[in-house]
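The structure appears below as structure tokens.
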Amino acid sequence: MFNHFERYLKFPICTFDAKVGVLCPKCEDRLKNGEITEADVKASFVLAKLLNQFPVLDKLTLKRAYRVGDDYVLLFNQGEAKQVLSNKQVMSKLKEALGNVWVTEQTSDARQFLENLMYPIRLLTINIVWLPDGSRHIKAIIAGQETNNLPIDLNKVKEITKIITGDEIVFEFEKGKFTKKSSIVRTR
Ligand SMILES: [Zn+2]
């Protein structure tokens, strides 16, 4: 198929390798010495296959992909994750190919990173505490009432964030149901 875009989706592996679904000797070496991972390769192959169907992906850059348990996490360039997350067809194709998929972007902005990862859950506030060793503790407050029926697993969010950014997260809800605060009877 003729490609109308000058820029082609970029991957952690060569564009050509991603297109044909085979690694060149150079990328094989990078895989062997740990510069890239099996997850990078797999996610690149899957995304390259989706390109013909979804030209919107053409302008994006997949920075890295991670395997966390049985899930895949795709890390796009800053500002790009929403384009993938908001496209239901792309998301369902990714899930078909990779199983449970998380999408976020490479950014130093903890809120941006988390909001994409947790999409469509809205965060009210983020408090960052810097520890003496340079690591960060993040308190993220989820908008709305506390519930056990969130569409995402918060423990998985913690695990993924720890692996990718090194940050520790504690979640709280705007309106707690089982917290100490809720001992104050709410009339509504
Ligand atoms: Zn290559």
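If you go through the range 4-18 and pick out every residue that is outside any helix (DSSP H, G or I) and either within 11 Å of the ligand (Cβ to nearest atom) or on the phi > 0 side of the Ramachandran plot (or both), you end up with 4. Scan the range 144-153 and give yes if some residue there is of a type in the set (A, V, I, L, M), surrounded by 13 or more Cβ atoms within 10 Å (Cβ to Cβ) and at pLDDT 95 or above, otherwise no. Within the range 144-153, not a single residue is of a type in the set (A, V, I, L, M), surrounded by 13 or more Cβ atoms within 10 Å (Cβ to Cβ) and at pLDDT 95 or above. For F76, the stated conditions hold: it is surrounded by 15 or more Cβ atoms within 10 Å (Cβ to Cβ) and either away from the ligand (no atom under 16 Å from the Cβ) or over 30 Å from N155 (Cα atoms) (or both). Any idea how many residues of the range 116-143 are surrounded by 14 or more Cβ atoms within 10 Å (Cβ to Cβ) and not charged (D, E, K, R)? Matching residues across the range 116-143 total 11.
In the range 82-160, counting only strands (runs of 3 or more DSSP E) that sit wholly within it, the ones holding 2 or more residues that are closer than 19 Å to D71 by Cα span 101-105.
Scanning the range 19-54 for residues that are of a type outside the set (A, V, I, L, M, F, W, C), surrounded by 14 or more Cβ atoms within 10 Å (Cβ to Cβ) and either more than 15 Å from the ligand (Cβ to nearest atom) or modelled with pLDDT under 95 (or both) yields a count of 2. In the range 147-158 there is no residue matching the filter, namely being more than 17 Å from E172 (Cβ to Cβ), out of contact with any Pro (no Cβ under 9 Å at 6 or more places or on another chain) and aliphatic (A, V, I, L, M). Out of L75, L57, which single residue is of a type outside the set (F, W, Y), at pLDDT below 95 and outside the structural domain of Y119 (by TED's automatic domain parsing)? One residue alone meets the criteria, L57.
The values are calculated or read from the model by the stated rules, or taken from the named source; none is laboratory data. All values reported here derive from a predicted model rather than from experimental measurement. Quick reminder, even Gly has a Cβ in these numbers, built from the backbone with ideal geometry, and neighbours come from all protein chains shown.
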